[in-house]
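K.L.:
Quick one: the structure is below, and I'll ask about it shortly.
The values are calculated or read from the model by the stated rules, or taken from the named source; none is laboratory data. In this text the structure is predicted, and so the values were computed from the model without any measurement. Positions of Cβ are generated from backbone atoms using ideal geometry, with glycine treated the same way; all protein chains shown enter the neighbour counts.
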Amino acid sequence: MADLIDALYTLARQRGRNENPLLALRSFVGRVGARISHLPIHPALAQAWPGATGEPFHQHQALALAALRREEAVALLGGVSARRSMHLLLTETLHATRNTRVLLVAPDELAAMAHVRELRRLLRDLKQPLQVALAAGTGVRAALNASVVVATPELLHDRLLRHHARAWADFWANVRLIALAEVHSYPGPAAVHLAALLLRVRRLTSVQPLLLATLAPLAGADQVLAQIGTCPWRILSAEDTPNEGTTLALWRTPGERARESLALALGLARTKARVHLLCPAFEAPLLRMLAGDDVPTLSIGPSALPADALVIMGLNEAAAPLAQAHDGPTLNILVLGDDPAEQALAHLAQSEDDQAPLPLLDGAPLQWVSAPINAYIEAQHLLCAATERPIRDDEAQAWGVLPLIERLSEQGRMLPLPGRTTLWQPLPSAGDVYAGFDLRSVAGMPALLADDQGHPLGMLDQATFDRWAFLGAALPPLRGGYRVVQRHEDEQRLELTISAGGETRRTLPLRRCEIRVRDRRESRTLRGCDLAWGRVIVDEELYGFREAAPGVAPNERVINPPITLRWSAPALWIDLPVAVKMPGQLVGWSLVATLPLCTSSTCTDLVPAYDHEVDRIYFVDTHPGGNGLATWLFSALERILPLAYDVARACRNDPLLEPLARADMDWLLALLGGQFTPPPPPRPAPTMPLEAPSASAEPTLPQPSQRGAASPAVAAAQPPIPPAPAKAKERSQTPAPPKPSVAPKHAPPPPIEPPAPPKPSAAPKQPPPPPTESLPPPAEPKGRQSRSKRQPKRKTSESPAAEQAPAPPPPAPPPPPAPPEAILPDAAAMVARLQRLRQQREQQNQPKVTSPSPAKQNDGLPRFQPGDQITCNPYGPGKVIASRIENNHEVLEVLFPEHGQLTIDAAVSAVRLVE
């Protein structure tokens, strides 16, 4: 341990050019652990285990063994200890019954090979005559007769299940245990794929196999495990083993992130320690070629392996390893680059407040977001299951997929066989139902990735291929390092070629979006703003991209021809209190970039879209049918907003991200800055319902691999909207009535700036509307809802004549001009206030606000008094100027050294008193 820390300091001095790359170093104390004297397992195994491993038995092993014997599914939380206990329980299962076979599923081939090596070494030390083999390459023949067969989900799908009736018939007849290693490696749609694979496995085994899994301690693991196993799980912590302690380091390497990370790993490997470099899957072959074969103690791959030191290349790969840090390598190094979230984390680590908690390192564990049931994934696996063995009607009803099978039959892809019992089987017109399988994709085939020398690098999921892999793009998204030099797509294959030479260039797509709300599932109010989630249909066009490189001014380039995408998925939307002027759909990326700081998902799983007509921002799942992020964000938005502001603030000087960071700071401050008053009076709107019935929101099936030349998501999104024609008809009829009501909305923008100085004019204009103006405020929810209903008017609103046509009616009667004038002062004041907050000026001493509030709403005594020194998120330390109670919330006027005087909510900003 000491040698690794000394080597790390030496590398920091050598690699640091202008500043120290070692930002932070945190040490965690070890634990003594707990042991038990006896474990009721096979006598030969009980005697050989302590001598082979040098460890006694532990309590979690006894609890897991008892649960397995009660035929319960068991999940072990931890790192190395959970992995070792899984091997012990696996070996005991083989001894319990003769001719028993075990299937171990690893997330990728490198991790599968590591399990094979460890199990062979363990069985050799235990002197057990059991065979372990990998079902790939030269190990396939040995795997046919092995006691333990190790496979990846791809091998399980395309080999063990496809050829189940021939080569693997004896294996499936004797399988008694299925071990899922590192099951946290299946976020979002990957967990849905894994659940479908296990369902197909159960149909082929003679008895119900037991389930055993290992995973990192992540929040929400119980929900995802229940979805994967379709049964209750016994979740046990395996962190009762002795541990010497762990050290966590933050390393900042702006520039060539991949080469700097590899140099750091090679420097640590020279101390004769085992070092593993954790990186994206497609970068692993390129880094192995750079590292060579001269360092046997260095391993490179997308999954964490047992090692003395772990180098994590970026936040996208850091969720599970950092959660397992207390039960893993003695040294964990997180390498931070130019990703927006990585810049924010580096900025927080370098802040003067050493006591401030760091996201991802302190506080609650990261969230493992559960994805909803996806009709696209179910359709693919239903066709495969019917190929392996015809599906009975009672099976389809038990799974709840009978309507899905009937729709497949209508599309000519499945056919009921004649007989007393209805059996469903795929038709030849369905094609090769096993082709195009990818854990990270929902519909369509994955993209094959290669370098400019023709070496295969793996696969890229379709969502990343569509939006981030345009010609000239820099991959990985928002981080850069490799340039896309060739892109090919047709109905048969998707191919992508990148340059093997690293570069420091980064890109960001420029887009146009049109969103139509299909249904609204749930809504609530967030600090005076409407917040809701539901299902939407997105039409997106990528027309260009913004690029930046060190020493070169950022510029924008055109994508010719543009890439068009269309899909249907759940979305979260927020009605913003201010308008955000930013072309290219750059608004909202700061919030999307925070996902790796609080979940196991990445920034490619969510996409923002801003509607300029109604001042509404959407956050849409990038996978057709959804991946669960929009639904989760609906309940966790208050926790994400401060992190998003930190990200935007850290990127405001980044050449590539500066425009979007400035725009995001505006609307994020509007939500975080204490807007307790209700929003402005509602704009007149037709009182028609917002969405279609919820039945139309159920996803349906994709057509058999239809892909347009522009995008794979176009064909995937068109089938799941059977009721769309009726919806379109309804929308086509709505623009005519709302036109007169929309005129007041579009009339105010030109005079917004002049009313800002003459604020006093707002006061005399509020008394006149006692009888007439008192009625519209209760109708505000309908006005909010009808805004998305008027979205079809975008096509007509592009012509100025269409917007100005309703203008003549208001001048005729004198009363109509009054409402817009009453709205203008409120909007101008709001815009002026946001500008003052953004420029950090100390111009607001608000006696008008502080005096009446205690008189009107004094529900309790303030917790903080003027003169108190406090600290809060995300503004840091400050001094209380005034305190009051509003709407059962304590509102503080605080003077911050960096931000000036701000109005904050003590509860939302987590205000703490500094003693």
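K.L.:
Give the number of residues within the stretch 885-912 that are more than 14 Å from ASP868 (Cα to Cα), part of a strand (DSSP E or B) and either without any contact (Cβ under 8 Å) to a residue 40 or more places away in the chain or basic (Lys, Arg) (or both).
P.N.:
2
K.L.:
Would you mind finding the one in PRO153, PRO187 that is modelled with pLDDT under 95 and either within 18 Å of ALA320 (Cβ to Cβ) or in contact with a helix residue (DSSP H, G or I) (Cβ under 7 Å, 6 or more places away or on another chain) (or both)?
P.N.:
Numbers: PRO153 fails: modelled with pLDDT under 95.
Of the residues listed, the single one that is modelled with pLDDT under 95 and either within 18 Å of ALA320 (Cβ to Cβ) or in contact with a helix residue (DSSP H, G or I) (Cβ under 7 Å, 6 or more places away or on another chain) (or both) is PRO187.
K.L.:
State which residue is nearest to the chain's Cα centre (by Cα) when the search covers only the stretch 557-571 and only residues that are polar (S, T, N, Q) and surrounded by fewer than 20 Cβ atoms within 10 Å (Cβ to Cβ). Let's see the steps before the verdict.
P.N.:
Taking the stretch 557-571 and keeping what is polar (S, T, N, Q), we get 560, 564, 568.
Narrowing the set further to residues that are surrounded by fewer than 20 Cβ atoms within 10 Å (Cβ to Cβ) leaves 560, 564.
Numbers: ASN560: 30, THR564: 23 Å.
Ranking the qualifying residues of the stretch 557-571, first place goes to THR564.
K.L.:
Could I ask something else about it? Among (1) under 30 Å from SER601 (Cα atoms); (2) of a type in the set (Gly, Ala, Ser); (3) surrounded by fewer than 21 Cβ atoms within 10 Å (Cβ to Cβ), which single condition is GLY188 missing?
P.N.:
Answer for GLY188: the failing condition is (3).
K.L.:
Can you pull out the residues in the stretch 416-448 that are more than 24 Å from TYR186 (Cβ to Cβ) and crowded, with 18+ Cβ neighbours inside 10 Å?
P.N.:
TRP424, PRO426, ALA430
K.L.:
Within the stretch 239-246, does at least one residue satisfy the condition of being of a type in the set (Ser, Thr, Tyr) and either under 20 Å from ASP308 (Cα atoms) or touching a strand residue (DSSP E or B) at 6+ places or on another chain (Cβ under 7 Å) (or both)?
P.N.:
From the stretch 239-246, those of a type in the set (Ser, Thr, Tyr) are 241, 246; that's our starting set.
Then keep just the ones that are either under 20 Å from ASP308 (Cα atoms) or touching a strand residue (DSSP E or B) at 6+ places or on another chain (Cβ under 7 Å) (or both); that gives 241, 246.
Yes, that holds for at least one residue.
K.L.:
Further, regarding this structure: Condition check: under 37 Å from the mean Cα position of the chain (by Cα) and exposed (fewer than 15 other Cβ atoms within 10 Å of the Cβ). Does GLU118 satisfy that?
P.N.:
Values: under 37 Å from the mean Cα position of the chain (by Cα): yes; exposed (fewer than 15 other Cβ atoms within 10 Å of the Cβ): no.
Taking the combined requirement at face value, the residue does not satisfy it.
K.L.:
Looking at LEU236, LEU225, which is the one that is crowded, with 22+ Cβ neighbours inside 10 Å and either touching a Leu at 6+ places or on another chain (Cβ under 8 Å) or touching a residue at least 24 places away in the same chain (Cβ under 8 Å) (or both)? Before the answer, list the steps.
P.N.:
Details: LEU236 fails: crowded, with 22+ Cβ neighbours inside 10 Å.
Sole residue among the options that is crowded, with 22+ Cβ neighbours inside 10 Å and either touching a Leu at 6+ places or on another chain (Cβ under 8 Å) or touching a residue at least 24 places away in the same chain (Cβ under 8 Å) (or both): LEU225.
K.L.:
Of the residues in the stretch 404-459, how many are of a type in the set (D, E, K, R) and within 30 Å of PRO280 (Cβ to Cβ)? Give the derivation first.
P.N.:
Going through the stretch 404-459, the residues of a type in the set (D, E, K, R) turn out to be 406-407, 410, 413, 420, 432, 438, 440, 451-452.
When the remaining residues are screened for being within 30 Å of PRO280 (Cβ to Cβ), the result is 432, 438, 440, 451-452.
Qualifying residue count, the stretch 404-459: 5.
K.L.:
Can you work out which of the residues in the stretch 462-521 that are touching a Lys or Arg at 6+ places or on another chain (Cβ under 9 Å) and of a type in the set (Ser, Thr, Tyr) is nearest to PRO570 (Cα to Cα)?
P.N.:
The extreme case among them is THR464.
K.L.:
OK, next. Which pairs do you get when a residue that is in contact (Cβ under 8 Å) with a residue 60 or more places away in the chain, found in the stretch 443-456, comes within reach of a residue that is of a type in the set (Ser, Thr, Tyr) and not in a strand (DSSP E or B), reach meaning Cβ atoms under 6 angstrom, with the pair 6+ apart or on two chains?
P.N.:
These pairs meet every condition: ALA443/TYR376.
K.L.:
Checking the structure you have, find out if any residue of the stretch 95-113 is assigned to a helix (DSSP H, G or I), over 24 Å from GLY458 (Cα atoms) and either outside the structural domain of PRO285 (by the TED database) or touching a Leu at 6+ places or on another chain (Cβ under 6 Å) (or both). Show your work before the answer.
P.N.:
Just the residues of the stretch 95-113 that are assigned to a helix (DSSP H, G or I), to begin with: 95-96, 109-113.
Going one step further and asking which of them are over 24 Å from GLY458 (Cα atoms), we end up with 95-96.
Next, only the ones that are either outside the structural domain of PRO285 (by the TED database) or touching a Leu at 6+ places or on another chain (Cβ under 6 Å) (or both) stay: 95-96.
Yes - at least one qualifying residue is present in the stretch 95-113.
K.L.:
Please find, within the stretch 476-499, the residue that is modelled with the highest pLDDT out of those that are in contact with a helix residue (DSSP H, G or I) (Cβ under 7 Å, 6 or more places away or on another chain) and either part of a strand (DSSP E or B) or surrounded by fewer than 16 Cβ atoms within 10 Å (Cβ to Cβ) (or both).
P.N.:
Step one: filter the stretch 476-499 for residues in contact with a helix residue (DSSP H, G or I) (Cβ under 7 Å, 6 or more places away or on another chain), giving 477-479, 481, 494, 496.
Next, from what is left, pick out any that are either part of a strand (DSSP E or B) or surrounded by fewer than 16 Cβ atoms within 10 Å (Cβ to Cβ) (or both): 494, 496.
Values: LEU494: 84, LEU496: 87.
Filtering first and then ranking leaves LEU496.
K.L.:
Only one of GLU556, GLU540, GLU514, GLU547 is touching a residue at least 40 places away in the same chain (Cβ under 8 Å), under 21 Å from VAL578 (Cα atoms) and assigned to a strand (DSSP E or B); which?
P.N.:
On the way: GLU556 fails: under 21 Å from VAL578 (Cα atoms); GLU540 fails: under 21 Å from VAL578 (Cα atoms); GLU547 fails: under 21 Å from VAL578 (Cα atoms).
Answer to the check: GLU514.
K.L.:
Among the candidates GLU92, GLU72, which residue alone is of a type in the set (Asp, Glu) and under 31 Å from the mean Cα position of the chain (by Cα)? Working first, answer last.
P.N.:
Values: GLU92 fails: under 31 Å from the mean Cα position of the chain (by Cα).
Unique residue meeting the criteria: GLU72.
K.L.:
May I ask you to list the residues in the stretch 98-113 that are in contact with a Ser or Thr (Cβ under 8 Å, 6 or more places away or on another chain) and aliphatic (A, V, I, L, M)? Before you say what the answer is, go through the steps one by one.
P.N.:
Within the stretch 98-113, the subset in contact with a Ser or Thr (Cβ under 8 Å, 6 or more places away or on another chain) is 100-102, 105-112.
Once the filter is applied, which keeps residues that are in contact with a Ser or Thr (Cβ under 8 Å, 6 or more places away or on another chain) and aliphatic (A, V, I, L, M), the stretch 98-113 yields VAL102, VAL105, ALA106, LEU110, ALA111, ALA112.
K.L.:
Any residue in the stretch 130-147 that is within 16 Å of ALA111 (Cβ to Cβ) sitting within a Cβ distance under 7 Å of a residue that is among the charged types (D, E, K, R) and in a helix (DSSP H, G or I)? List the pairs, counting only those 6 or more apart or interchain.
P.N.:
VAL132/ARG120; ALA135/ARG159; ALA136/GLU109
K.L.:
A further question follows. Of the conditions (1) in the same structural domain as LEU126 (by the TED database); (2) outside any loop (DSSP other than H, G, I, E, B); (3) at pLDDT below 90, GLN14 fails just one. Which one is it?
P.N.:
(1)
K.L.:
Examine the stretch 602-614 for a residue that is surrounded by 22 or more Cβ atoms within 10 Å (Cβ to Cβ), in a loop (DSSP other than H, G, I, E, B), at pLDDT below 95 and not hydrophobic (A, V, I, L, M, F, W, C), and state whether such a residue exists.
P.N.:
Checked the stretch 602-614: at least one residue is surrounded by 22 or more Cβ atoms within 10 Å (Cβ to Cβ), in a loop (DSSP other than H, G, I, E, B), at pLDDT below 95 and not hydrophobic (A, V, I, L, M, F, W, C).
K.L.:
While we're on this one: Hey, among the residues in the stretch 615-630 that are charged (D, E, K, R) and over 10 Å from the mean Cα position of the chain (by Cα), which one's surrounded by the fewest Cβ atoms within 10 Å (Cβ to Cβ)?
P.N.:
Step one: list which residues in the stretch 615-630 are charged (D, E, K, R), which gives 615-616, 621.
Now drop any that are not over 10 Å from the mean Cα position of the chain (by Cα), which leaves 615-616.
Working: ASP615: 18, ARG616: 22.
Looking at residues that are charged (D, E, K, R) and over 10 Å from the mean Cα position of the chain (by Cα), I get ASP615.
K.L.:
Sort through VAL74, VAL102, VAL80, VAL32 and tell me the only one that's surrounded by 15 or more Cβ atoms within 10 Å (Cβ to Cβ) and touching a Pro at 6+ places or on another chain (Cβ under 8 Å). Walk me through it before giving the result.
P.N.:
Working: VAL74 fails: touching a Pro at 6+ places or on another chain (Cβ under 8 Å); VAL102 fails: touching a Pro at 6+ places or on another chain (Cβ under 8 Å); VAL32 fails: surrounded by 15 or more Cβ atoms within 10 Å (Cβ to Cβ).
Just one listed residue meets the conditions, VAL80.
K.L.:
Further question on the same structure: Looking at (1) hydrophobic (A, V, I, L, M, F, W, C); (2) in contact with a Lys or Arg (Cβ under 9 Å, 6 or more places away or on another chain); (3) in contact (Cβ under 8 Å) with a residue 60 or more places away in the chain, can you tell me which one LEU89 breaks?
P.N.:
Unmet for LEU89, out of (1) hydrophobic (A, V, I, L, M, F, W, C); (2) in contact with a Lys or Arg (Cβ under 9 Å, 6 or more places away or on another chain); (3) in contact (Cβ under 8 Å) with a residue 60 or more places away in the chain: (2).
K.L.:
Then there is this: What about ARG141, is it of a type in the set (Lys, Arg) and within 39 Å of the chain's Cα centre (by Cα)? Steps first, please.
P.N.:
On the way: of a type in the set (Lys, Arg): yes; within 39 Å of the chain's Cα centre (by Cα): no.
Judged against the criteria, ARG141 is not a match.
K.L.:
Pairs needed: first member in the stretch 293-320, of a type in the set (Asp, Glu); second member anywhere, assigned to a strand (DSSP E or B); C-beta distance under 6 Å; at least 6 residues apart or different chains.
P.N.:
What qualifies is GLU317/LEU278.
K.L.:
Going by the conditions given, is VAL140 surrounded by fewer than 22 Cβ atoms within 10 Å (Cβ to Cβ) and touching a Gly at 6+ places or on another chain (Cβ under 9 Å)?
P.N.:
On the way: surrounded by fewer than 22 Cβ atoms within 10 Å (Cβ to Cβ): yes; touching a Gly at 6+ places or on another chain (Cβ under 9 Å): no.
Considered against the rule, which asks whether it is surrounded by fewer than 22 Cβ atoms within 10 Å (Cβ to Cβ) and touching a Gly at 6+ places or on another chain (Cβ under 9 Å), VAL140 comes out as no.
K.L.:
So, in the stretch 197-228, how many residues would count as being in contact with a Gly (Cβ under 8 Å, 6 or more places away or on another chain) and in a helix (DSSP H, G or I)?
P.N.:
Count: 1.
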